[in-house]
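Okay, so here's the structure we're looking at.
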2 protein chains.
Amino acid sequence: MTHRPGPLHLNAFLMSTGHHEASWRLPESDPTYLSTNIAYLQRLAQTAERGKLDSIFFADGPAQSRDVGRRPAGTLEPTVVLAAIAAVTQRIGLIATASTTYNDPYNLARRFASLDHISGGRVGWNVVTTAFVEAARNFGLDEQPPHHERYERAAEFLEVSLKLWDSWEDDAEVGDKEAGVWGDSSRVHPIEHVGRYFSVAGALTTPRSPQAHPLLVQAGSSEDGKDLAARYAEAVFTAQQTLEDAQAFYTDLKRRAVEWGRDPATVLVLPGIVPVIGATEAEAREKEDELDRLITPEYARVQLAKTLRVDPDDLPLDRELPADLPSEDEIEGAKSRYTLIVNLARRERLTVRQLIGRLGGGRGHRTFSGTAVQVADAIQDWYDHGAADGFNIMPAVLPSGLEDFVDDVVPILVERGLFRSEYAGTTLREHYGLARPANPHTLARTEVAAR
Amino acid sequence: MTHRPGPLHLNAFLMSTGHHEASWRLPESDPTYLSTNIAYLQRLAQTAERGKLDSIFFADGPAQSRDVGRRPAGTLEPTVVLAAIAAVTQRIGLIATASTTYNDPYNLARRFASLDHISGGRVGWNVVTTAFVEAARNFGLDEQPPHHERYERAAEFLEVSLKLWDSWEDDAEVGDKEAGVWGDSSRVHPIEHVGRYFSVAGALTTPRSPQAHPLLVQAGSSEDGKDLAARYAEAVFTAQQTLEDAQAFYTDLKRRAVEWGRDPATVLVLPGIVPVIGATEAEAREKEDELDRLITPEYARVQLAKTLRVDPDDLPLDRELPADLPSEDEIEGAKSRYTLIVNLARRERLTVRQLIGRLGGGRGHRTFSGTAVQVADAIQDWYDHGAADGFNIMPAVLPSGLEDFVDDVVPILVERGLFRSEYAGTTLREHYGLARPANPHTLARTEVAAR
């Protein structure tokens, strides 16, 4: 099956020294400096913009849940990071993760609207429900709310946010100096939302922003997650290991979007790929092997045991996973990631040590080492075969892995007619080929007037 | 009494087209553009930095409470605005208002720590409890919490924030590539806070920031507000109309700081001043009169009635305030502002129309029109007479009022030896002459080791 829905989209997923957990141990990285250095993050964004990528993206979670011994911790809050990046870039889209479980919709919707103004319409929001108990404990809870409840709250959070972003009509700002009337109060609408989780009077403090709504991104692949994505998301990040799994996910998500009454072309699916690029295939392999050798297995084993809800002692490094693991139903955290890891280990009969190597590279995302041509082929293969509208590029090592991708892989994709050589638009929605949402108040008024 | 505690400090309080409510009606302003235009706000910050001012400052409240007809509304959330300004400035301090009533300490403390990293140690937080019911209604409440309860919550919010900012010791980042140990987990401390309003496990996600704690600013002048300021604040913004009132406030606040065991020199008092600067005194007066003529009294009367808790019909424009107004005890909103307005009207026997003119200029802050020398004299007078450690400069019109101040008034203050001609330090704390806080965990460890 050849299936090419539109031009390929590329997002750069940025993370301190890179996605491989041992990347900070390479000579190129300055690990005590990079995790909090805005100049470094700004340079990464400028590299991605040089490659005309659609967007950059930061993950986030409101808790220090990792053992700081293992790898660079100490992440900055991404909305303020993106504001500082917006000031030194012109076109690239800027996507921040933020939690619907541990925020208030008025504050967060307002911050994204503000970022959209600041960036001239380049902001996206990766909507997450946050799947670890350490976060709950920073917000007055002993345990995290159940998985399904988190997703119910997320849906209402999005409804409130959409209402707030539409609470000012586009023509609410009048600025009539002569009459002394700054704004038209009939064009600013309190939302008066009363729901199960939230009561929000509105309106927003912020006039309608360049994109009206930030691009909505979703990355949960559980049943609840896919449903939320199908209903609201415009871009979906997903971890898929095989072409067949990726095709199944792609088809399933588009079908669900249709069930929600949406045009499936407005829900773009971007599987993650962790490329390790070398001048030759052997050089790429050697880079990857060097990284894997630098993993400290003891830290990784503790993390894997936590994800699988077992004791670390039940995971001897040179044996396969135990047979009696919990079912996905029993997991209140990141359900789909859990299943992906267990399936990967079972399918390939990996020992714990081998599984740690595979996860250390991409935390469940597809890793791929090869030449620039081979990476471009791997991308085109999934794109041509109905598995992806684009890719979430997760360089194993930063900054070099992003530079390699931009300088060596992107030109091949452009040459093949798969990717842009210049930005056509100025907003993130334009990069992704998505329309600016109409304002429901304006529409209703226009319809009444037309009768 | 001549009292000069140290070099004068100057903060520029920035607000859309200026602090005079009719400023947007002047030819220089582009009111439908400026309220959300980051390039404009960045230029204002660069102008203040050109004048070597200590800091800029944005007010904030999480609700659209004003009639949008009256004057520019539509404010952006200030932490993201300051991040975008940090990227295009080098030295000037950046102070954002944020509410302790309508935020979670983990999220907000983290955002300020992130901003402090992003700006290289230039961030301050104006701690407010938010005094209007429209905000409560955006966060699931019908009424705002009582005044005293808001301040109790603010104190606990600050305690949690201070613990979080100290949760990483300065040497927690190790980056030992050889041993494969990134961080020293014995130097990262969960805070395990359990209190009346908050339970927060910690630690922060963010390593200790350049200033350790953002500069803490407070602007409430009620009894509760002054107490919070005396206990925690390092800079205090205040509205004072007369030298005598300002001296009394200054003396009282320093005394309260001493009662909390603090060195009064580490609590800097900055009264507001709304300067209107002309080449001659007559020109300055004419500018001010032109602004006052442009006030739409009807909007202002409704706002005044709301502040005074009376019906607008009870405030005929050409009569004095009614005799039977509520006492400050009955006000759950901005108590000290209420008293200041009533006292101003009674003291000077102002009609409602005259009072509106006075408030339209500076919302209760001291307005002053004159030449650059006269403005410098007015500043020096309060500074020399124990009423101020510095000033909160609130230009009636922006950008021209700030440019006039920087180009014409600052050189006079420098010439008189009252103000810096170059920045000596790089952080906001250094500008204000305040030390970087020591880390209590490190102190405790060092003391044990020294025994």
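The values are calculated or read from the model by the stated rules, or taken from the named source; none is laboratory data. Everything numeric in this text was worked out from a predicted model, so none of it was measured. FYI the Cβ positions are ideal-geometry reconstructions off the backbone, even for glycines, and counts take in every protein chain you see. With ligands, DNA and RNA removed, areas are computed over all heavy atoms of the protein, side chains included. Shrake-Rupley method; radii C 1.70, N 1.55, O 1.52, S 1.80 Å.
So how tilted is helix A:297-308 from the main axis of chain A? Cα-based, degrees 0 to 90, rounded to 10. In chain A, helix A:297-308 runs at an angle near 50 degrees to the longest axis. Averaged over residues, the count of other Cβ atoms within 10 Å places the peptides B:120-126, B:38-44, A:440-446 in the sequence B:120-126, B:38-44, A:440-446, highest first.
DSSP finds beta bridges in chain B, and of those with both partners inside it, around 15 percent are antiparallel. Averaged over the residues of peptide B:193-201, the number of Cβ atoms from other protein chains lying within 10 Å of each residue's Cβ is 3.
When peptides A:53-65, B:107-119, B:150-162 are ranked by their average number of other Cβ atoms within 10 Å per residue, the highest-first order is B:107-119, A:53-65, B:150-162. Here the dipole of the stretch B:150-200 is about 420 debye; that uses its Cα centre as origin and unit charges on the Cβ of Lys and Arg (positive) and Asp and Glu (negative).
Backbone amide hydrogens, once placed in the peptide plane, bring B:His9 within less than 5 Å of B:Gly390, B:Phe391, excluding anything fewer than 5 places away on its chain. Shielding of peptide B:94-103 by partners, expressed as the average count of other chain Cβ atoms within 10 Å per residue Cβ, is 1. Check each residue of the stretch A:123-156 and keep those whose accessible area, probe 1.4 Å, is at least 50 Å² smaller with all protein chains in place than in the chain alone; give them in order of residue number. With the partner chains in place, the stretch A:123-156 has these residues losing at least 50 Å²: A:Asn138, A:Phe139. At a probe radius of 1.4 angstrom, the accessible area of the stretch B:297-451 per residue rounds to 45 square angstrom. Rounded to the nearest Hz, the phi-derived 3J(HN,Hα) couplings of the stretch A:316-323 under the Karplus curve 6.51 cos²θ - 1.76 cosθ + 1.60 (θ = phi - 60°) are x, 4, 9, 10, 6, 4, x, 6, where x marks glycine and proline. Within the accessible surface of the stretch B:13-112, defined with a 1.4 Å probe on protein heavy atoms only, the carbon and sulfur portion equals 45 percent. As a rough guide to protection, the peptides A:303-313, A:366-376, A:136-146 ranked by mean Cβ packing within 10 Å, highest first, stand as A:366-376, A:136-146, A:303-313. For the stretch A:46-66, a drop of 50 Å² or more in accessible area on going from the chain alone to the assembled protein chains (1.4 Å probe) is found at A:Gln64. Take each residue of peptide A:304-313, count the partner chain Cβ atoms within 10 Å of its Cβ, and average: the result is 0.
Annotation for A:Asp318, label-to-label distances across the other copies: 10.1 nm (shortest first, one decimal, point 7 Å from Cα along Cα→Cβ). What shape does the stretch A:1-132 have by the C-alpha gyration tensor, where a ≥ b ≥ c are the square roots of the eigenvalues, rounded means a/c under 1.5, and otherwise prolate means a/b greater than b/c and oblate the rest? Because its axes are fairly even, with a/c under 1.5, the stretch A:1-132 counts as rounded.
Can you send over the carbon and sulfur percentage of the accessible area for the stretch A:239-385, probe radius 1.4 Å, protein chains only? Here carbon and sulfur together make up 50 percent of the probe-accessible area. Normalised by the number of residues in the stretch B:292-372, the mean separation of alpha-carbon contacts (under 8 Å, six or more apart) gives a relative contact order of 33 percent.
Can you give me the angle between helix A:38-50 and the longest principal axis of chain A, using Cα atoms only, in degrees from 0 to 90, rounded to the nearest 10? On a 0 to 90 degree scale, this one is about 80.
Give the shape of chain A as rounded, prolate or oblate, defined through the alpha-carbon gyration tensor: a ≥ b ≥ c are the square roots of its eigenvalues, a/c under 1.5 means rounded, and otherwise the shape is prolate if a/b is larger than b/c and oblate if not. Prolate shape, in that a/c is at least 1.5 and a/b is the bigger ratio.
Just to be sure I understand: if you take the accessible area of chain A alone plus chain B alone and subtract the pair, with a 1.4 Å probe, what total do you get in Å², rounded to 100? Summed over both sides, the interface buries about 5500 Å². Taken per residue, the accessible surface of the stretch A:1-159 reaches 27 Å², heavy atoms only and a 1.4 Å probe. Does anyone have the angle between helix A:372-384 and the longest principal axis of chain A? Alpha-carbon axes, 0 to 90°, nearest 10? Tilt of helix A:372-384: around 60 degrees. Placing unit charges on the Cβ atoms only, positive for Lys and Arg and negative for Asp and Glu, gives the protein assembly as shown a dipole magnitude near 200 debye about its Cα centre. Neighbours of B:Ala300 by Cβ distance under 10 Å: Lys/Arg scored +1, Asp/Glu scored -1, total +2. For chain B, a simple Cβ point-charge model (Lys and Arg +1, Asp and Glu -1, everything else neutral) yields a dipole of about 360 debye relative to the Cα centre.
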